[in-house]
Amino acid sequence: MLNTDMLLILKLILTPFFTGVVSAVGRRWGSQVSGWLIGLPLTAGPISVFLALEHGSFFASHAAHGTLLGVVSLAAFCLAYSWSSWKFNWPISLLIGWLVFAIATFLLMPLQLPLLVSFIGVVCILLLTLVLFPREIASANASQTVSSSRWEILGRMVTATIFVLLLTASANLLGPVLSGLLAPFPLFATILAVFAHHFQDAGSARRVLHGLIFGAFAFATFFLVIAQYLPTWGLALTFTGAIVTALLVQGCSFWILKSYERKKRNLFRSVTIDRD
């Protein structure tokens with residue numbers, strides 16, 4: 001078990017490092033791919049590691065089950081923000097999204113489901129979210145790169161680190177279930193969607209959140225492995241297996257996402273030709 005000072009140093013180094021790396025990679029791709037990237041457990045993953053180091057494997061395993069269920073709240077946020085953005089500006093859309101996330105989290109708290117049932121339910125919710133997501137034909141600039149400034153990336157790194165510090169520090173008070181449910185809080189989704197909504201348009205924000213839903217399948221798989229095997233496999237082996245499994249799922253979701261984008265672009269071209 002690491003001492004308190006070493007854990008604090010790890011939190012201050014690892015969280016902003018991974019956040020900065022993924023944010024920098026996301027700058028080279030469009031809004032939708034940026035959203036797909038933040039589907040990775042950038043804050044929830046480190047939180048799970050620190051919970052295991054500070055409170056033990058069983059606590060972290062229960063928290064991981066809660067985090068898996070919290071994907072439902074994340075999907076609810078994405079749907080609420082996306083539909084709200086058709087009529088409202090980003091502050092109102094964000095307020096509605098956060099409110100829906102809070103309500104979903106409150107409703108999930110008393111649930112005590114078997115792990116496999118939770119995972120199957122989450123996958124079904126994600127698929128349903130993709131079906132219910134606002135439909136729009138891709139515009140010509142739908143895949144333009146996201147012009148995030150260095151200051152914005154630095155802001156993401158600082159915000160993510162503060163969130164990890166606060167949630168892990170309050171874990172004893174919150175307990176494993178609520179700590180887990182709050183871990184998928186849409187921190188990066190908020191930053192990316194609001195930035196895209198304000199500086200580009202509402203469609204860019206919706207593409208961020210649509211990409212996030214594609215990435216959430218890997219997120220759910222990651223925490224399925226953590227919740228199932230952490231008490232028996234130990235920290236290093238479990239997280240290695242979770243990372244490898246999540247990356248495989250993330251690769252598949254990326255292929256599906258790119259196929260989806262190609263179909264949208266082809267549809268846009270055909271509509272444009274018909275109009276001409």
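Of all residues in the range 227-256, those satisfying the criterion of being surrounded by 15 or more Cβ atoms within 10 Å (Cβ to Cβ) and closer than 14 Å to L40 by Cβ are F239, A242, I243, T245, A246, V249, Q250, S253, F254. Going residue by residue through the range 205-220, is there one that turns out to be over 17 Å from V72 (Cβ atoms), in contact with a His (Cβ under 7 Å, 6 or more places away or on another chain) and surrounded by 24 or more Cβ atoms within 10 Å (Cβ to Cβ)? Yes, the range 205-220 contains a residue that is over 17 Å from V72 (Cβ atoms), in contact with a His (Cβ under 7 Å, 6 or more places away or on another chain) and surrounded by 24 or more Cβ atoms within 10 Å (Cβ to Cβ).
If you go through the range 108-135 and pick out every residue that is out of contact with any Ser or Thr (no Cβ under 9 Å at 6 or more places or on another chain), modelled with pLDDT under 95 and closer than 21 Å to L174 by Cα, you end up with 4. All conditions but one from (1) out of contact with any Lys or Arg (no Cβ under 7 Å at 6 or more places or on another chain); (2) crowded, with 20+ Cβ neighbours inside 10 Å apply to F188; the one that does not is (1). In summary, M157 fulfils each of the numbered conditions (1) crowded, with 24+ Cβ neighbours inside 10 Å; (2) in contact with a Pro (Cβ under 7 Å, 6 or more places away or on another chain); (3) under 28 Å from S85 (Cα atoms) with the single exception of condition (1).
Identify the residue in the range 162-211 that is aromatic (F, W, Y) and in a helix (DSSP H, G or I) and, among all such residues, is farthest from the chain's Cα centre (by Cα). Residue satisfying both the conditions and the ranking: F199.
Can you confirm whether V146 is modelled with pLDDT under 70 and of a type in the set (A, V, I, L, M)? Spell out the reasoning first.
Numbers: modelled with pLDDT under 70: yes; of a type in the set (A, V, I, L, M): yes.
Yes, satisfied.
Among the residues of the range 88-97, those that are surrounded by 14 or more Cβ atoms within 10 Å (Cβ to Cβ) and either outside any helix (DSSP H, G or I) or without any contact (Cβ under 8 Å) to a residue 60 or more places away in the chain (or both) comprise F88, L95, I96. When the residues of the range 157-172 are filtered to those that are touching a Leu at 6+ places or on another chain (Cβ under 8 Å) and more than 9 Å from T15 (Cβ to Cβ), the one that is modelled with the highest pLDDT is T159.
The values are calculated or read from the model by the stated rules, or taken from the named source; none is laboratory data. Since we're looking at a predicted model, the values are computed, not measured. All Cβ positions, glycine included, derive from the backbone under ideal geometry; neighbour counts span all protein chains shown.
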